[in-house]
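Everything below concerns the one structure shown next.
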Amino acid sequence: MGSLPSPKSRPKRVLFFTNSEHGQANVYLAMSYALLTLPDEDVEVHFASFDPIQKFVTATSQHVQDDLQSSTSPKPFRPIVFHKIAGVPMVTAWEQPEVLTEQAALNHLEANQKWWTMRSQVLSIMRRMVLLLRVILPWSGPEFVEIFWSVSDIVHHVQPDIVAVDPAFAPALTALRHIKAKFVVLSPNTIKDFAMPLQPNAEALWKYPVIGKTYAFPVPPHQILNNIFLILLAIIISFFFDDRRKSIQEYVRLHADGAKLTTLNDLSLTPHLISKNLKFLVANTVEMEFPLKVVPKYIIPCGPMIRPAKQVGEVDPALERWLMGKRGQEEAVGTIYVNLGTHMRFDEASAVELAKGLRILLDQADRLAAQDDSLGKREGKEVSKRVLGKDMDCDRIRIVDWIEAEPTAVLDSGGIVCAVHHGGATSFLETCCAGIPQVVLPVWMDTFDFARRAEILKIGRWGNQDATGWICEGNELGAVFVDVLLGPQSSLYAENAKRIARVCREGGGGRVKAARHILAEIAGDGETYASKNDVWEKETDQTANEKVPLLKGHEEETED
């Protein structure tokens, strides 16, 4: 058997492990593009995941080739090498009966309980926590171990210089830890997700809202005791009543060479036990985060890692004309882009309420002689037409099943004045990069945090904070639309959104910063690179937020 070439005589070899769901995988597609297009580096990218993402890996590889060919750079093209992971993808595991049963139980509870009673809140947080634990670890013991061994085999076959892993991909985390591979955590998650437990004075309990609740930030005084109780309840459930984790851990111990189960929760609470020098590359920055007093140096805030996309005009010229307002008017008009993701399903009542919210905005815009248009991507077209019929008939509003252009391309088209989304990390960060005010309609788990971020940063509004049991309520949403687009603070939202976009683009953007850091880790210069490029707070400092440039309208939220 021939020996491998020395690292100095071959390209730097980076191996990615990620789930195939776009919320996680998009960061890895963006990073693949960034590494392969750095003009001064020779990198070989290996991408390990499940079948559903392979065609997007191929498309990203083609995008790299097209851009290199059209540039003046002599850099040679290296295609992304895809490795199929054996086993059940996470999205498929979510469809298993026990996960669906928990989701149905939570939906039933939240549709029928009286939200203002403590009993309802306790039952809700218990159900939410049980569901969250199932979502984080949806595989059975045999399914988990199958993926574990596949990941181990791929690492041994590729012999990478460094591995980057999805923090939600527990089988890969477990395998990499067990075989002592050199790896970093590359996460679409936020600084807060990993730094909150480290905040001083037990602020994680009383200052930051419990997951899945609509409490404001900071938690108002009259809700602090409830917040503390619900967080402690969630911790107790997680540590003492997670029988699924215990059974999988035992199966892994017996069938995976004594490996120790490692999950997202372990990364958040005990990263030092996993690897002494483990780094977390996250997809936001301190300028677009909740105020935090402690940001440990192992968390590297890179900024949004957005994958490139073809312009709308290349994919759908007719849509580009419509977005830019070229429909016979003398002047271009602004477009509201409503895209609530692929996982949200509207019932008829919610579709009508969203339509009512748009109706309020359009009527107010007409009264102010400031016409705005809407492009919606969602269900409920027929019932929405009852409320928006005249505007749909004249092509002022379009409701479509699918938009061929990538969301980033639509947002960057220049015609969008407001984006409406469900509060997913990708949607929030893509909108931030585009410099567009946003209205967030969160419905589960961490999506509430992104609605709070929009309000803390004064780049948009939470659109359904009072819509208990609904995706939205028409009058509330309409008032939010009017405030963001037509109200006295509309210029502030637009100005702050553009300022955040400039932060996102600094240093080539998050994907370039993260790519540079990964390559620096190969050479053992990760901390030196981070220090020189001001990527993370060099010292854990309880006054870290005092060093962060504050946005206009953000100052008051940094105080206790």
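Just a few scattered comments:
- Solvent-accessible area assigned to carbon and sulfur over the range 57-182 amounts to 58 percent, based on a 1.4 Å probe.
- Long pairs among K12/K293; K293/K498; K55/K276; K213/K513; K75/K276; K293/K458, criterion Cα-Cα beyond 29 Å: K12/K293; K55/K276; K213/K513; K75/K276
- Residue list for the range 55-91, given a label point 7 angstrom along the Cα-to-Cβ vector of H157 and an amide N cut-off under 20 Å: 55-59, 61, 79-90
- Whole-Hz ³J(HN,Hα) from phi, Karplus 6.51 cos²θ - 1.76 cosθ + 1.60, for the range 481-490, glycine and proline x: 4, 4, 4, 5, 9, 10, x, x, 9, 4
- For F183, the residues whose modelled amide H falls within less than 5 Å of its own, excluding neighbours fewer than 5 places apart on the same chain, are V163.
- The residues packed around L230, meaning those with a beta-carbon under 11 Å from its beta-carbon, carry a net charge of +2 if Lys and Arg are +1 and Asp and Glu are -1.
- When nucleic acids and ligands are ignored and a 1.4 Å probe is applied, S120 ends up with an accessible area of around 10 Å².
- The residues of the range 211-340 expose, per residue, 46 Å² of accessible area to a 1.4 Å probe.
- With DNA, RNA and ligands ignored, accessible area of C504 (1.4 Å probe; Å², nearest 10): 10
- The residues packed around T262, meaning those with a beta-carbon under 13 Å from its beta-carbon, carry a net charge of +3 if Lys and Arg are +1 and Asp and Glu are -1.
- Accessible surface ranking for K458, K276, 1.4 angstrom probe, highest first: K276, K458.
- Solvent exposure ordering (accessible area, 1.4 Å, most first) of E404, E320: E404, E320
- Stretch gain in nm, segment H272-Q62, where the contour uses 0.36 nm per residue and the Cα spacing is subtracted: 71.7 nm
- For the range 199-300, the dipole from Cβ point charges (+1 on Lys and Arg, -1 on Asp and Glu) about the Cα centre works out to 160 debye, to the nearest 20.
- List K246, K213, ordered by accessible area with a 1.4 Å probe, largest first: K246, K213
- Globularity index of the range 135-255, i.e. its alpha-carbon radius of gyration over 2.2 N^0.38 Å: 1.33
- Mean Cβ count within 10 Å, highest first, over the residues of peptides 350-360, 194-204: 350-360, 194-204
The values are calculated or read from the model by the stated rules, or taken from the named source; none is laboratory data. All values derive from a computational prediction rather than experimental measurement. Cβ coordinates were reconstructed from backbone atoms using ideal geometry, including for glycine residues, and neighbour counts include every protein chain displayed. Just the protein is used for accessible areas: all its heavy atoms, side chains included, with ligands, DNA and RNA removed. Shrake-Rupley method; radii C 1.70, N 1.55, O 1.52, S 1.80 Å.
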